[in-house]
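A short worksheet on the structure shown next.
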Amino acid sequence: MEPIVALCKRRGFIFQSSEIYGGINGFFDYGPLGSELKKNIRDCWWNDMVRRRDDMAGLESSIVMHPRVWQASGHVAGFTDPLVDCKASKQRFRADQLFFSAIVVDGVKVGYVSALESERTSEELQEKAEQFKRKKALQGQLEPVKPLDMTEAAADEIELIPSPATGEAGSLTPPRAFNMMFETHVGAMRDASSVAYLRPETAQGMFADFKAVIDTGRFKVPFGIAQIGKAFRNEITPRNYIFRSREFEQMEMEFFISEDDDWQKWHRYWIDWCRDWLLSIGLPASHLSEFDHPKEKLAFYSKGTTDIMFEYPFGVQELWGIAARGNYDLLQHQEASGVSMAYFDEAAKKKYVPHVIEPAVGVDRIVLAALCSAYAEEEVEGEKRTVLHLNPRIAPVKAGIFPLVKNKPELVEVADRLYRTLKRRYNVFWDTSGAIGRRYRRMDEIGTPWCITVDFDSLENGTFTVRDRDTMEQVRMTEAEIRALLDEKTS
Ligand code: GAP
């Protein structure tokens with residue numbers, strides 16, 4: 001991750017939020033290039049998911065909703081993570097990310113070790129157990145560690161498990177449920193009656209507005225409601241850069257189907273759609289996999305959830321969840337609000353509360369996946385080049401425009417005209433400083449797919465040198481051909 005984080009900071013993709021004040025954990029800012037990259041991802045999704053389909057309604061619901069929404073949805077009671085406090089260091093850990101093991105020598109328990117979840121949790125626990133045995137000069141056979149997380153610790157084990165913060169036992173508390181919703185107050189009064197929440201997901205906007213969309217839009221089941229927007233979760237341990245943050249952005253869609261429809265068919269359809277879409281923005285198939293949540297871990301109303309996983313540098317992690325949620329959410333809102341969520345199906349001549357398939361993904365996780373898989377350090381003619389092989393659809397800058405030299409007004413004039421024309425439609429970058437090779441390298445590093453150089457031949461025959469970022473090949477093209485190329489590859 002280190003070179004990627006450094007590049008993002010150096011070139012203005014991503015900054016720590018409020019960095020001048022030391023930063024605030026779990027919050028990030030997207031700089032000039034990062035905001036373009038993110039916008040391109042959002043736009044691709046919106047175009048493919050909403051505009052190019054006939055069965056999709058777009059929505060932009062409010063971030064703060066009536067607090068009863070979150071009671072009905074179950075978030076007030078149950079949107080919790082198990083939290084363990086370390087009383088000595090005042091640090092907090094997610095219980096399911098804090099692992100421990102008994103140290104067993106010749107079949108006898110002699111102590112405990114702990115480690116925070118990582119790619120090497122088991123190895124770290126084993127190393128700590130070996131150190132413990134050496135330090136205490138214990139003789140006998142050390143058994144391999146058996147990692148468990150703190151939610152699995154027996155009550156009498158908790159005080160024996162060392163805190164990862166201090167290395168000493170006795171300071172960890174038993175896990176308790178910690179609600180991750182950010183609370184706020186609406187209006188001038190700050191009492192229990194004014195409590196509201198920053199939404200922890202965009203999905204409830206689609207359920208709460210289901211009736212309004214149906215009544216105003218002439219949509220027929222099966223159809224979907226999609227939205228992109230910020231979500232907020234007071235994560236106990238935000239980590240892995242923008243992978244798990246406290247303020248993030250979701251792209252969610254609720255696809256409503258008939259109660260008699262084959263939910264498995266639709267579930268599969270949306271898993272495939274999501275995977276194909278990730279490929280269309282350039283994520284490599286080799287980094288994608290699927291994970292089916294085990295039946296016994298699903299919520300009682302859930303029929304099935306499949307996650308599309310991505311191989312990040314810190315491990316294979318959830319990118320996109322596709323859940324078959326039955327009609328639980330609409331029924332909950334129907335009961336809590338007293339407003340019927342029933343839909344009259346004219347073809348089937350019956351009324352029912354539709355079931356739903358929900359593909360939910362975080363924009364920030366896609367940004368990170370795109371950056372991680374695009375980043376490369378390559379050797380070109382004995383020199384190192386850092387390059388982002390970003391797909392042209394999402395690349396923040398689509399082309400660099402360079403007059404070959406900056407002191408020939410006739411070249412600059414033609415280049416400027418090309419730049420201004422292309423800029424009306426695409427985010428292109430003007431660069432006159434330094435040798436062409438250095439200008440190429442600067443564009444490679446931010447993932448610009450093409451560099452267009454205006455040279456003396458351009459004045460003669462109206463063609464320009466177009467250099468491809470990935471192959472580094474150069475061809476001559478007219479302005480019309482350049483526009484056709486950009487149009488085809490970036491839309
Ligand atoms: N409405 C369903 C829902 O919100 P989720 O699995 O909790 O499901 C959906 O979240 C997606 O949102 C995740 O797959 C992930 O991509 C993204 N996401 C969740 N928590 C996140 C966080 N703390 N930081 C960044 N992205 C997050």
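Peptide packing for 423-434, 232-243 was compared via the average number of neighbouring C-beta atoms within 10 Å per residue; ordered from the highest value, the list is 232-243, 423-434.
How much length is gained on full extension from Ala299 to Ser17, taking 0.36 nm per residue of separation minus their Cα-Cα distance?
Length gained between Ala299 and Ser17: 98.0 nm.
The modelled label-to-label distance between Gln474 and Ala336, using points 7 Å beyond Cα along the C-beta direction, is 6.3 nm.
Computed from the C-beta positions of Met1 and Asp260 and an R0 of 56 Å, the FRET efficiency is 0.70 to the nearest 0.05.
Charged neighbours of Glu460, selected by a Cβ distance under 14 Å, balance to -1 (K, R count +1; D, E count -1).
List, in the order given, every pair from Lys146/Lys295; Lys303/Lys349; Lys408/Lys489; Lys265/Lys351 whose Cα-Cα distance in the structure shown is over 30 Å.
Violating the 30 Å Cα-Cα cut-off are Lys408/Lys489.
Note on the chain: dipole from Cβ charges, positive end direction compared against Ser433, Gly321, Ile482; the farthest Cα belongs to Ser433. Only one residue of Cys8, Ile24, Thr448 has its Cα farthest out toward the positive end of the dipole of the chain, where Lys and Arg carry +1 and Asp and Glu -1 on Cβ, and that residue is Ile24.
Taking each residue as 0.36 nm, the span from Gln71 to His185 lengthens on full extension beyond its C-alpha to C-alpha distance by 39.4 nm. Among the aspartates and glutamates, select those whose C-alpha is under 12 Å from the C-alpha of Lys38, and discard any that sit fewer than 8 residues away in the same chain. Straight-line reach from Lys38, under 12 Å: Asp29, Glu249, Asp364.
Cα centroids of the range 65-115 and the range 212-284: how far apart, whole angstrom? Between the Cα centre of the range 65-115 and that of the range 212-284, the gap is 28 Å.
Classified by the C-alpha gyration tensor, the range 330-380 has a prolate form. Its axis ratio a/c, with a ≥ b ≥ c, is 1.5 or above, and a/b is larger than b/c. Once the C-beta distance of Arg218 and Ala348 is scaled by a Förster radius of 22 Å, the resulting FRET efficiency is 0.80 to the nearest 0.05. A Stokes-Einstein calculation at 20 °C with viscosity 1.002 mPa s, built on the Kirkwood radius of the range 206-291 over Cα pairs, returns a diffusion coefficient of 135 µm²/s.
A simple charge model with +1 on the Cβ of Lys and Arg, -1 on the Cβ of Asp and Glu and nothing else charged puts the dipole of the chain at about 1020 debye relative to its Cα centre. On full extension, the segment bounded by Val64 and Asp156 gains 28.9 nm, given 0.36 nm per residue less the C-alpha separation. The helix-only estimate of mean residue ellipticity at 222 nm for the chain, built from DSSP H runs of length n ≥ 4 each weighted as -39500 (n - 2.57), is -9000 deg cm²/dmol after division by the residue total. Charged side chains reduced to their Cβ positions (Lys and Arg at +1, Asp and Glu at -1) give the range 242-382 a dipole of some 680 debye around its Cα centre.
I'd like to compare 415-422, 355-362: which one has the highest average count of other Cβ atoms within 10 Å, and what's the full order after that?
Numbers: 415-422: 17.6, 355-362: 23.8.
Listed from highest to lowest mean packing, they are 355-362, 415-422.
For the peptides 296-304, 198-206, 248-256, the ranking by packing is 248-256, 198-206, 296-304, with the highest mean count of neighbouring Cβ atoms within 10 Å listed first. Checking the a/c ratio against 1.5 first, then a/b against b/c, what shape does the Cα gyration tensor give for the chain? Taking the square roots of the gyration eigenvalues as a ≥ b ≥ c, the chain is oblate.
With angles folded into 0 to 90 degrees, how steeply does helix 479-490 sit against the dominant principal axis of the chain? Use alpha carbons for both and round to 10. The two axes meet at around 10 degrees.
Taking a straight Cα-Cα cut-off under 16 Å and skipping sequence neighbours fewer than 8 places away in the same chain, the lysines within cross-link reach of Lys350 are Lys220.
Mind running the shape call on the range 235-358? Use the C-alpha gyration tensor, a ≥ b ≥ c as the square roots of the eigenvalues: rounded below 1.5 for a/c, prolate if a/b tops b/c, oblate otherwise. Note, shape of the range 235-358 comes out prolate.
Rule-based calculations on the coordinates, nothing more; no lab input. Please read all numbers here as calculations on a predicted model, not as lab measurements. Note that we place each Cβ from the backbone using ideal geometry, even for glycine, and neighbour counts take in every protein chain shown.
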